[in-house]
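The values are calculated or read from the model by the stated rules, or taken from the named source; none is laboratory data. All of these numbers come straight from a predicted model, not from anything done at the bench. Positions of Cβ are backbone-derived with ideal geometry, glycine not excepted, and every protein chain shown enters the neighbour counts. These area figures cover heavy atoms from the full protein model, side chains too; ligands, DNA and RNA do not enter into them. Shrake-Rupley method; radii C 1.70, N 1.55, O 1.52, S 1.80 Å.
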Amino acid sequence: MSFSGAALGSGRILGRAVEFGKTHVVRPKGKHQATIVWLHGLGDNGSSWSQLLETLPLPNIKWICPTAPSQPISLFGGFPSTAWFDVVGINEDGPDDVEGLDMAAAHVANLLSNEPADIKLGVGGFSMGAGTSLYSATCFALGKYGNGNPYPINLSAAIGLSGWLPCAKTLAGKLEEEQIKNRAASLPILVCHGKGDDVVPFKFGEKSSQALISNGFKKTTFKAYSELGHYTIPQEMDELCAWLTSNLGLQG
């Protein structure tokens with residue numbers, strides 16, 4: 001249940017370090033209570049999402065919108081695109097680009113690492129950005145990245161719109177330890193998907209939420225939208241705002 005990834009996706013495998021693009025920040029208009037890193041989809045950039053997030057009625061949230069590195073994408077025959085990790089195609093059984101996912105999740109953690117101690121931290125994204133966000137949620141619960149390095153951030157929320165959960169098939173049996181189970185059970189996760197999505201099929205979002213719940217992420221909420229394609233609509237954004245306000249205990 002992933003866009004299967006090949007080894008092409010990582011800058012280290014290619015013999016070069018990936019360079020992340022420009023980061024756009026939306027400052028809170030009210031009292032700063034939470035910071036969320038928001039990740040764009042394949043071929044997009046942080047600017048487009050920062051403009052949308054700035055319009056949301058969430059004055060207590062600081063949004064950090066990074067831009068993914070440009071790297072060769074197997075799905076495009078090796079043609080470069082802004083991407084958080086490599087993708088080959090839609091395949092439920094294919095391998096995941098764990099090294100690329102780790103690099104993206106580490107970039108998210110680094111962006112959150114300098115926030116004040118009393119600020120709640122979250123990660124969200126759209127499409128491939130949603131994949132990175134949900135992967136980050138599993139790293140938080142496990143306490144480590146896929147490569148075994150410790151995951152340093154205490155997440156309070158994770159959001160995935162029109163995306164999927166990478167490495168879902170390898171989660172089974174990994175969340176048995178009490179501390180890990182507690183982290184998984186306490187993390188609020190919102191997964192939203194449109195039934196009309198012709199890029200990332202609806203079943204990917206549905207199965208991803210089921211995989212999270214079955215592996216102990218008890219606070220996973222799944223919202224389906226009957227007419228929605230591979231984009232966002234005001235109703236989805238309204239429900240996202242309500243969910244964040246409730247789960248992060250934000251002031252009005």
Practice task
Find, among the GluC sites (Glu not before Pro) in the stretch 178-244, those assigned to loop by DSSP (not H, G, I, E, B) with at most 15 other beta-carbon atoms within 10 angstrom.
Solution key: GLU227
Problem - Most positive-pole-ward Cα, LEU244, ALA34, GLY143, against dipole of the chain from beta carbon charges - result: ALA34
Practice task
Heavy atoms only, probe 1.4 Å: what % of the accessible area of the chain goes to carbon and sulfur, would you let me know?
Solution key: 51
Practice task
With +1 on each Lys and Arg Cβ and -1 on each Asp and Glu Cβ, and nothing else charged, work out how big the dipole of the stretch 137-220 is about its Cα centre, in Debye to the nearest 20.
Solution key: 80
Exercise for the section: Take the Cα atoms of the chain, find their three principal axes, and give me the spread along each one in whole Å, biggest first. Expected result: 47, 40, 39
Practice task
Return one whole number: the accessible area per residue of the chain in Å², for a 1.4 Å probe.
Solution key: 41
Exercise for the section: Enter the Cα centre distance for the pair the stretch 98-132 and the stretch 227-245, rounded to the nearest angstrom. Expected result: 20
Fill in the blank from the handout: Distribution output for the stretch 89-154: share of Cα-Cα pairs per 10 Å bin in percent, first bin at 0, values 21, 53, 22, 4, 0
Completion exercise
Answer check: the stretch 167-252, Cα atoms, Kirkwood Rh, Rg/Rh ratio of 1.03
Practice task
Please give the contour-minus-distance gain from ALA242 to ASN154: 0.36 nm per residue of separation, less the Cα-Cα distance, rounded to one decimal in nm.
Solution key: 29.5 nm
Problem - Size of electric dipole in the stretch 17-82: Cβ of Lys, Arg +1 and of Asp, Glu -1, about Cα centre, debye, nearest 20 - result: 340
